[in-house]
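Here the structure is laid out as structure tokens; the discussion comes afterwards.
Any read-out appearing in this document is the output of simple, stated calculations on the displayed coordinates, not a laboratory observation. Keep in mind it's a predicted model, so treat the numbers as computed, not measured. Methodologically, a virtual Cβ is constructed for each residue, glycine included, from the backbone with ideal geometry; neighbour enumeration extends over all protein chains shown.
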Amino acid sequence: MNRQYRRPPWSGLRRFRAGLIAVVGVHWLTACSTVDYYAQAAQGHLALMQQREPIDALLADPSRDAHLQQRLALALQAREFASSQLGLPDNQSYRLYADIQRPVLLWNLFVTPEFSLAPQLQCFPVAGCVAYRGYYDLDRARGAAAGEQLAGRETWIGGVEAYSTLGWFDDPLLSSMLQRNDQQLAAVIFHELAHQQLYVTDDTAFNESFASFVEQEGLRQWLVSRSEVLLEPSRACRRQQFVALVLATRERLAVLYGSDQPPAAMRQAKQAEFERLREAYRQMNHPADRRIDAWLAAPMNNAKLLPFGLYDQWLPAFAELFAQSGQRWPLFYEQVQQLADLPPTERHARLQALHSGSGESGAAESACAAEFGGGLYSGIGE
């Protein structure tokens, strides 16, 4: 049975060892499981843990940067809101801070076959299977990607500003997370704490869609509580329209890859779908968006589309379940846990039924009508 991961009641070295196994299993281990890979994962995580400092102590230190203190004070308010109003775990995670002195924490490598959208899974005893593997060093990620490409597979590397250790460790707020504006920072905290609330082995799309829903609905409630409105709603709408186009492209490619066309014809049709995506976005006549424009201009492949399906696939289903729960977080989490306990086939059928009954096509219109969407983890970042 799939299980919910929470912090064990252990302390000291025993808890540290168990936590390290879980963290490495969830986020970093490769299919090769080489000693070198384990070493870089362990060393990177240990270095991060050693950089942590309590935010309360930092705020009380008059020698620290005033702007940093202002950002961290707001982050603590969002952290308190996450537990008191959203029902997310109440622990020391995101009540600590670490300055990692680089724009991203690690790099995730996604790998697919040439004619499939199925990710190359990385499977481990504790955490099950995930659709990516992460590296603290970009050169290592590029080296691994080169090896996959030599084997005829497609790859994409995306930077990660934050991650969750699922409650095994006290996760710090990272300097890389402070690159976002205040609203986005709050959303990141909600997203990562959602992973501590519930995590299902072997189902990345379920986990990320759940966390993305909590992120978006949590941010909506956070803004209401502060009498604020979403910053740049037109930009959020634009991002959601873009995500809808990418998901539609994935669906057409899935049909193509299931056909009996010869490889040469399939390869040509695949490139035509990528150009169709670019042209569809151009036809929307949106203002320039540096990240979207750069993403579309760069070479395209299946692996590059993976994060969109993982983070957005079941958003309408979780929105419908939240509505059926009377928008009550405890009942919603109970309902999600019941889904998590189902066998994978039954779980996906139930999610599909919720998606179909939500009245949301997942298209941009519904998300933009709410002036919301385009999860912060949609594959292009901010």
Seminar exercise, completed: Counted neighbours (other Cβ, 10 Å), sorted fewest up, put His191, His286 in the order His286, His191
Exercise. Stokes-Einstein D for the stretch 12-225 at 37 °C, 0.692 mPa s, Kirkwood Rh over Cα pairs, in µm²/s?
Worked result: 182
For this session: Once you have a ≥ b ≥ c as the square roots of the Cα gyration tensor eigenvalues for the stretch 211-285, tell me rounded if a/c is under 1.5, and otherwise prolate or oblate according to whether a/b is larger than b/c.
Result: oblate
Seminar exercise, completed: Taking a ≥ b ≥ c as the square roots of the Cα gyration tensor eigenvalues, with a/c under 1.5 meaning rounded and otherwise prolate when a/b beats b/c or oblate if not, the stretch 158-248 comes out oblate
Exercise. Is the stretch 233-369 best put as rounded, prolate or oblate by its Cα gyration tensor, with a ≥ b ≥ c the root eigenvalues, rounded for a/c under 1.5, and otherwise prolate when a/b is larger than b/c, oblate when not?
Worked result: oblate
For this session: Quick one: which residues, 5+ away or cross-chain, put their amide H under 5 Å from the amide H of Leu106? H built at 1.01 Å from N.
Result: Val160
For this session: Just report the Cα centroid separation between the stretch 86-125 and the stretch 202-246, whole Å.
Result: 18
Problem set entry | Extension gain from Gln283 to Gln268, taking 0.36 nm per residue of separation minus the Cα-Cα distance | 3.1 nm
Exercise. Taking R0 as 35 Å, what's the FRET efficiency between Asn91 and Asp61 from their Cβ-Cβ distance, rounded to 0.05?
Worked result: 0.90
For this session: Go through the stretch 218-235 residue by residue and turn each phi into a ³J(HN,Hα) via Karplus (6.51, -1.76, 1.60, θ = phi - 60°); whole Hz please, and just put x for glycine and proline.
Result: x, 5, 4, 5, 4, 5, 4, 5, 9, 6, 10, 10, 5, 5, 6, x, 5, 5
For this session: Please list, in chain and number order, the residues 5+ apart from Tyr132 or on another chain whose amide H is under 5 Å from its amide H, with Hs placed from the backbone.
Result: Gln122
Seminar exercise, completed: For the Asp99, Gln261 Cβ pair and Förster radius 51 Å, calculated FRET efficiency rounded to 0.05 is 0.45
Exercise. In what sequence do Asp170, Asp341, Asp139, Asp312 fall when counting other Cβ within 10 Å, fewest first?
Worked result: Asp139, Asp341, Asp170, Asp312
Seminar exercise, completed: From the Cα centre of the stretch 252-272 to that of the stretch 305-326, the distance in Å is 28
Problem set entry | Cα-projected label distance for Ala47 with Ala298, points at 7 Å along beta-carbon direction, nm | 2.2
For this session: Please list the radius of gyration and Dmax for the stretch 67-136, considering alpha-carbon atoms only, with Å as the unit.
Result: 17.8, 49
Exercise. Given H placed on each backbone N at 1.01 Å, which residues far from Tyr97 in sequence or on other chains put an amide H within less than 5 Å of it?
Worked result: Glu53, Ile55, Leu173
Problem set entry | For His348, His67, order by how many other beta-carbon atoms lie within 10 Å, fewest first | His67, His348
